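Structure first, commentary second.
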Amino acid sequence: MSDTVTLTLRATVSRRLEAECITPDAFAALDEGAIARLSLWDGPHAIPLGDLFQVRGGAAARVHVAGDLAMVDALGAGMTTGALHIEGPVGRYVGTRMAGGELRVAGDAAYGAGLEMTGGLLDITGNAGDRLGAGRLAAARGMSGGEIIVRGNAGAEIGAKMRRGTVIVAGNAGPRAGIGMIAGNVIVFGSAGEDPGRFNKRGTIVVCGGVTVAPTYRYDCTYRPRHLAVTMVHLKSRRKFAIDDDVSTARFRRYTGDMAELGRGEILARTDER
């Protein structure tokens, strides 16, 4: 028997579907026929997974999904173990409430990727939408563990209300990155949009490109953060993340804030100062 369950999309998805059943946890104990009978949801209407996907393999915690899933939401929701690899774009909430395992998306991800994530790795090759690694709009906290990597750009309010964990964006981030952060790390290798770190309590926001720091932050010092050099080694060696060599030795201007909150958060802005 194969050690991988493979799902291949049969036809274009023209309406939004919810696919929380597509996780290594769900597939690990099921044979091919049982997997095909799991339900996708079109509003209140159930659709057998096998009607939308060709299913090959069973009883495996490695899952490979292929096709344009931009209209399919909640892939990998709540997964705790195994590996889910998706070839193509995905819809909203990919990896929401993820607690463990490895979820890789070879394409773009829409709104709410890694929403309220508590553990594991979410790696997105393309771009990510708004509220990456954040919480639901009314929630008290967002991401509280794990690691999210976006190798393209990300939208607004990434890491909103995050408690722990790390969000890394290779490109640019939209406005209000880290809004309401309780703790955790947001690292943006490109530029950050307006108003980053608003209401930040203890979180760290690192920006290697352009950033405008809010007046509620105070300049502290300019230095080379050693912890950031360790993170760069991890990204290059473990995550195959392309990083310019000079980033590890760059100097950063440190700002503390948000003074409208506890004032224990920080924004590290890369600088050419010596």
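Inspect the stretch 184-194 for any residue being buried (at least 16 other Cβ atoms within 10 Å of the Cβ), modelled with pLDDT of 95 or more, out of contact with any Cys (no Cβ under 9 Å at 6 or more places or on another chain) and among the charged types (D, E, K, R) and give the result as yes or no. There is no residue in the stretch 184-194 that is buried (at least 16 other Cβ atoms within 10 Å of the Cβ), modelled with pLDDT of 95 or more, out of contact with any Cys (no Cβ under 9 Å at 6 or more places or on another chain) and among the charged types (D, E, K, R). So, of the residues in the stretch 97-126 that are of a type outside the set (A, V, I, L, M) and crowded, with 22+ Cβ neighbours inside 10 Å, which turns out to be nearest to the chain's Cα centre (by Cα)? Per the criteria, the residue is Gly114.
Remark: pairs (first residue in the stretch 49-69, in contact (Cβ under 8 Å) with a residue 12 or more places away in the chain and over 7 Å from Leu7 (Cα atoms); second residue β-branched (Val, Ile, Thr) and part of a strand (DSSP E or B); Cβ separation under 6 Å; 6+ apart in sequence or on different chains) = Gly57/Val5; Gly57/Thr6; Ala60/Val5; Val63/Val5; Leu69/Val90.
Just to be sure before I move on: is Gly146 assigned to a loop (DSSP other than H, G, I, E, B) and either of a type outside the set (S, T, N, Q) or crowded, with 24+ Cβ neighbours inside 10 Å (or both) in the structure I sent?
In short, no.
Here the condition is being of a type outside the set (S, T, N, Q) and either at pLDDT 95 or above or more than 15 Å from Val188 (Cα to Cα) (or both); of Asp220, Asp244, it holds for Asp220 alone.
The values are calculated or read from the model by the stated rules, or taken from the named source; none is laboratory data. As the structure is a computational prediction, the values presented were derived from the model and not from experiment. Cβ sites come from the backbone with ideal geometry, for glycine too, and all protein chains shown count toward neighbours.
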